[in-house]
Amino acid sequence: MEMLCPECRGPLVSDDGQWAVCKIHGGRYRVLFVRQPAAPPAPLPQLSADQLDPTGRFCAAHPAMPAAWVCGCCASPICDTCSFAVPPTTHLCAKCMVERRASRPAGPVQVEAPPPPPGTMCVAHPAVAAARYCKLCKNPMCETCSFILSPGLEVCPRCASAPRPELSSGRKRTLVWSYGLAVWSAICTVLFFVAAAAGAAKTKAGQDVVGAFFTIFVLIPSVVGTALAYSSYDSRYSNPLSVWISLIWNSLTLIGLFLLMLVGMMMG
């Protein structure tokens, strides 16, 4: 696939696949990735001559045009002009395509992020204006650097080639809070058992105080800490050992507290 210069949009040539040179001004650039052209859909099996027009070769809407496809809905022969490709291999005529779109439920409205302000330059090409931000690392990038992973998810070549090993600032804050709440729940759990061993729950009033202490200072922080631990985990990025420790620690603590509550209700 032809590569374009990020500065003058001229053609780039590469001999080794690692570096490319602009044919117009001779600029030299490192090849970060190469977009592969999408494979054309395989044609559908053609109908027999008795199922088409008398000659078996012409489009139903344009009798003078040869039929190249068969509509996957009504089986009418259609030419390239009438064909609407529906991935992976289906082709529809204009009528069936309109009916298909009309019957499809409306999806959520995609709100595009605002473009970078004027004067913002691409991180990889400082001489080229940025067209958008990378969805993962939030760095500005030009059209050449934009790599579409899925509809609405455009990333820079670095994020497209490998997940980021480091944690983002937001994930770090979430992880710190999950550890803090895990430690808090552990300390308060020890205090709960100390109070229970000292006989604080022998009277009705003591039981109410100990129960309120358990709910407010042990159970709720454990639930919030577990939720934050799961929030710091992201399947799109790499998850270091600290994330897994927080996730397992908070989850086991919460499971233990629920088992403790279940035992208490059975004994009561």
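What follows draws every value from the coordinates through simple rules; no lab data is involved. Everything quoted here is computed from the prediction, not taken from an experiment. Virtual Cβ from ideal backbone geometry, glycine too; neighbours counted across all protein chains shown.
Here are a few things to note about the model shown:
- Projected label distance in nm at Ala212 and Ala195, using a 7 Å step from Cα toward the beta-carbon: 1.0
- Stretching the chain fully between Ile148 and Asp80 yields a gain of 21.7 nm (0.36 nm per residue, less the alpha carbon separation).
- Both numbers refer to the Cα atoms of segment 169-267; Rg and Dmax are 15.5, 52 Å.
- The simple Förster model, with R0 at 35 Å and r as the Cβ-Cβ distance, assigns Gln18 and Lys135 a FRET efficiency of 0.85.
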